[in-house]
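Throughout, read-outs are computed from the coordinates displayed, never taken from laboratory work. A quick note: this is a predicted structure, and the numbers were derived from the prediction, not measured. A quick note on method: Cβ atoms are made from the backbone with ideal geometry, for glycine too, and the neighbour counts reach across all protein chains shown.
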Amino acid sequence: MNILITGATGFIGSHLVERLIKKNKITVLVRKTSKPIKLRSLSKLKVNIIYGDLTNQESLTNATKNIDVIYHCAAMLGSPEITYKQIYEANVTGTKNLVKAAEQNKVKRFIHISTVAVFGTLKHKADESTICKPASDYDKTKYFSELAVKKSSLKYTIIRPTMVYGPGEMTNKAKMFRFIQKGLFRIIGDGKNLMALVYIGNLVDGILKAANTKKAISQTYIISDEHSYTMNKFIYTITKSLGVKTPSHLPKCLAYLGAFCFKILSFVGIQQLLSINRINSLTRSSSFSIAKAKKELNYNPEVSLEDGVRKTTEWYREIGFLK
């Protein structure tokens, strides 16, 4: 089968490439500005590399020729340095352009990787019928991207992962592992807030099941681990894997004071290690139902939290990120 993967140099996309390369012909759309080390890794896998951009319609038309299935993983994350216009152009306009190219070249299946962030802030267990109320710029663009896919004539499936972790993740969770090992991490609040996590291997299983299930056409699925975990449980599992002491708790009021101080210091060039958004993210409680994915996709997250954290720790140590 001829498969196109966007965002192949990213966390989720790279795992999809590794899983699909064994039995399929893989084409990846990458920007010329992608990190050389990422491109070298793709070259070793003998994939067909097409240089282009989601904002360049011609490159997308070329990339989608003779393609059977598209896994659209590429997206721009939000940050203080990036404007809403830039995120919208990459995530919404980019998706619309890819959809247009896929329609022109009669692509058979379109798997769109979204996020549960489209729901916004939740105080209850959500499922696919929960109304979306995206809050941040990134959340809004992911929601609008979903709408663009739904309006198309493609045989699509939308995947909404919860917080993804595992080997290859080098952003927030990686920093958390390192800070815990160095004794610099503190659990903000009582740590009883629920975290909806999904191990990367479980997520890829869910994505591939959706791509190969006819009933999944024109459907949306939340993909997560079997249960949500408290922050205390997640941190304890990491400390056990690392062989270090469990971090102490930091009252929220002191955390907010620290964030304010870091904000002031950032004006003189000191890195802002703690922010209000980060505090809210670490203390927010959320949980999601995967009943629909289990019933319609026969999805069964096989890797437990303990095994997932262990595999992640081993990978961080292999690459020298952790001691």
Q) G52's amide H: which non-local residues (gap 5+, or another chain) put their own amide H closer than 5 Å, with H modeled 1.01 Å from N in plane and none for Pro or chain starts? A) V30, R31, K32
Q) What ranking do 283-289, 179-185 get when scored by the average of other Cβ atoms within 10 Å per residue, highest first? A) 283-289, 179-185
Q. So how many Lys-Lys pairs in the stretch 108-156 land under 27 Å Cα to Cα, not counting same-chain pairs under 8 apart?
A. 22
Q.
Can you tell me which aspartates and glutamates have their Cα less than 17 Å from the Cα of K215? Leave out same-chain residues fewer than eight positions away.
A. E128, D205, E296
Q: Under a cut-off of 14 Å between alpha-carbon atoms, report the aspartates and glutamates in cross-link reach of K32, not counting same-chain residues fewer than 8 places apart.
A: D53
Q. Of all DSSP beta bridges located in the chain, what percent are antiparallel, nearest 5?
A. 5
**Q.** Derived scalar couplings ³J(HN,Hα) [the stretch 47-53; Karplus, 6.51 cos²θ - 1.76 cosθ + 1.60; whole Hz; x for Gly, Pro]
**A.** 9, 7, 9, 10, 7, x, 7
Q: Could you pull out every residue, at least 5 positions away or on a different chain, whose amide H is within less than 5 Å of the one on S289? Hs are placed 1.01 Å off N in the peptide plane, and Pro or chain starts have none.
A: A126, D127
